[in-house]
Amino acid sequence: MTTTTSMTSTALPDTPAGPAGPAPRAGSPLATAHSQLASAVAVLGYDEGQHQMLATPRREIHVAVPLGRDDGETALFHGFRVQHNISRGPGKGGLRYAPGVDIDEVRALAMWMTWKCGIVDLPYGGAKGGIAIDPRDYSTAELERVTRRYTSEIMPMIGPDTDVMAPDMGTDEQTMAWVMDTYSVNRGYTIPAVVTGKPLAVGGSRGRGTATSAGIVHVTAAALGEAGVPLDGVTVAVQGFGKVGSHAAAIFAARGATVVAVSDQYGGLRNDAGLDMGRLLAHVAATGSVVGFDGADPLSNDELLALDVDVLVPAAVEGVLDDVTAARVRARWVVEGANGPTTTEGDRVLAKNGVTVVPDVLANAGGVVVSYFEWVQANQTYWWSEQEIADKLEHRMTSAYGDVSALARRECLSLRDAALVIGVQRTAEAHRIRGLYP
Ligand SMILES: NC(=O)c1ccc[n+]([C@@H]2O[C@H](COP(=O)([O-])OP(=O)(O)OC[C@H]3O[C@@H](n4cnc5c(N)ncnc54)[C@H](O)[C@@H]3O)[C@@H](O)[C@H]2O)c1
């Protein structure tokens with residue numbers, strides 16, 4: 001494999017060449033991921049063999065996960081783990097519990113993790129896992145059994161030096177503690193570095209719970225700063241009020257922005273004077289949803305995406321900004337907290353309308369950055385202070401933003417294409433230096 005460091009073209013193809021195999025469903029996360037990779041490959045001038053190598057997951061596993069339910073019935077779930085690339089280090093990526101999880105979604109998420117780790121220059125490849133389950137329908141004891149069975153089924157693939165999990169949609173630090181315990185008991189000793197995003201009491205890192213959100217705010221501040229706009233006083237709308245969206249909204253508000261709208265899967269809220277974050281977080285902790293909060297008016301998710309705000313943060317699920325919804329966006333910046341919230345068509349519409357998109361692979365990389373810090377701390381069994389972690393995170397995020405933005409300006413690329421080019425190029429460079437075995 002040869003490396004091409006010069007950019008051959010800034011014109012991106014309309015119909016990207018995909019890797020071998022059946023084409024993913026149009027508009028699906030995998031179709032979006034393939035299209036983004038094809039754009040980066042076109043800019044880098046790689047040949048079709050290199051393209052296919054970068055597009056194709058290195059290893060995949062599909063497991064059956066049987067569950068003995070609390071009522072004595074048996075249920076069966078499908079679980080997946082995909083290692084997209086491991087050329088720069090162990091696979092790294094979250095574990096998702098959601099009803100719609102399938103192998104193609106996990107492939108897309110694993111591919112994005114590869115580029116993300118390259119963009120923030122972590123010594124990791126990209127991986128992802130998931131189980132097709134709606135966690136809200138099961139008791140804590142049932143979720144523990146599902147997690148432990150899934151972990152034991154994929155044991156040959158994971159490990160602190162091979163593939164390291166973290167929380168994603170529908171999973172949390174308790175899930176990571178169960179994974180870590182199951183893995184450790186089977187190995188015969190405690191191995192905290194097999195997962196990140198675990199509780200502090202079993203080797204978690206300070207700052208991990210809010211890291212993705214803090215990173216989103218750092219890159220937003222950097223993007224606005226380039227336009228001479230301070231964060232203090234801008235208006236923000238956040239779709240998704242889970243681990244990423246709720247902390248992002250709270251951090252935006254703490255830094256002086258006015259968070260005028262938030263939503264979750266049940267509905268949304270709007271208050272143009274700014275939502276009271278302390279009271280809203282307490283309401284969500286008590287009821288499980290933003291809906292019914294008395295300090296705001298109700299709003300639908302579609303209305304939230306079309307609000308006249310400075311910054312829109314989609315932090316829920318994939319594909320919410322397609323050609324139709326993107327056309328209604330009035331925000332000047334879209335900062336992608338979720339993975340893959342904008343389809344390829346949606347991206348074209350936003351670009352045409354002059355909206356600056358800070359892409360997921362850069363904007364939400366704060367989580368994997370502090371996961372890396374957690375892994376380093378666990379490997380050294382030496383833990384850092386909260387301030388040390390916050391400072392190192394801010395430095396990584398702002399310097400990654402600076403690299404992406406400088407390339408975008410130099411080569412007349414969107415921030416997404418520039419980020420992808422950096423992530424893809426670092427991965428391809430590792431391939432080239434290591435060579436092909438045998
Ligand atoms: N947790 C992390 O550290 C992390 C890191 C990087 C990226 N991400 C990505 O961020 C996104 C959110 O992850 P999370 O960890 O916050 O998940 P979560 O499960 O904690 O929260 C998801 C939120 O989205 C809402 N939601 C679900 N479907 C929705 C819909 N159709 N419309 C509106 N809201 C909807 C849920 O109600 C919930 O509020 C995902 O795309 C995930 O891959 C998460």
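Assorted remarks:
- Listing 289, 263 from fewest to most neighbouring C-beta atoms within 10 Å gives 289, 263.
- Applied to the stretch 258-265, the Karplus parametrisation 6.51 cos²θ - 1.76 cosθ + 1.60 on θ = phi - 60° returns per-residue 3J(HN,Hα) values of 9, 8, 8, 7, 9, 8, 9, 5 Hz, with x for Gly and Pro.
- Among residues other than residue 315 with Cβ under 14 Å from its Cβ, the summed charge is -4 (Lys and Arg +1, Asp and Glu -1).
- For the chain, lysine pairs separated by 8 or more sequence positions, or belonging to different chains, with Cα-Cα distances below 14 Å total 4.
- The stretch 56-190 - share of DSSP beta bridges that are antiparallel (%, nearest 5): 65
- Share, in percent, of DSSP beta bridges within the stretch 210-358 that are antiparallel, nearest 5: 30
- Fewest neighbouring Cβ atoms within 10 Å first, the residues 180, 165, 155, 277 line up as 155, 277, 180, 165.
- Antiparallel %, DSSP beta bridges [both residues in the chain], to 5: 50
- The Cβ shell under 14 Å around residue 402 holds other residues with a net charge of -1, Lys and Arg each +1, Asp and Glu each -1.
- Reduced Cα scattering model of the stretch 210-358, Debye log10 I(q)/I(0), q = 0.08, 0.16, 0.18, 0.20 Å⁻¹: -0.18, -0.76, -0.98, -1.22
- Using a Förster distance of 41 Å, the FRET efficiency for residue 226-residue 383 (Cβ separation, nearest 0.05): 0.70
- Fewest neighbouring Cβ atoms within 10 Å first, the residues 281, 307, 275 line up as 281, 307, 275.
- Net dipole in debye of the chain [+1 Lys, Arg Cβ; -1 Asp, Glu Cβ; about Cα centre; nearest 20]: 1060
- For the stretch 169-219, averaging the sequence separation of C-alpha pairs within contact (under 8 Å, six or more residues apart) and dividing by the residue count gives a relative contact order of 30 percent.
- Sorted largest first, the spans of the alpha carbon positions of the chain along the three principal axes are 58, 55, 43 Å.
- Note on the stretch 56-190: percent of Cα-Cα distances in each 5 Å bin, starting at 0 and stopping at the bin with the largest distance, equals 2, 11, 22, 24, 20, 13, 6, 2, 1, 0.
- Projecting the Cα atoms of 210, 249, 317 onto the charge dipole of the stretch 210-358, computed from C-beta unit charges around the Cα centre, puts 210 farthest toward the positive end.
Values quoted throughout were computed directly from the atomic coordinates according to the rules given, and no laboratory measurement underlies them. Predicted model, so just to flag it, every value in this text is computed and none were measured. All Cβ positions, glycine included, derive from the backbone under ideal geometry; neighbour counts span all protein chains shown.
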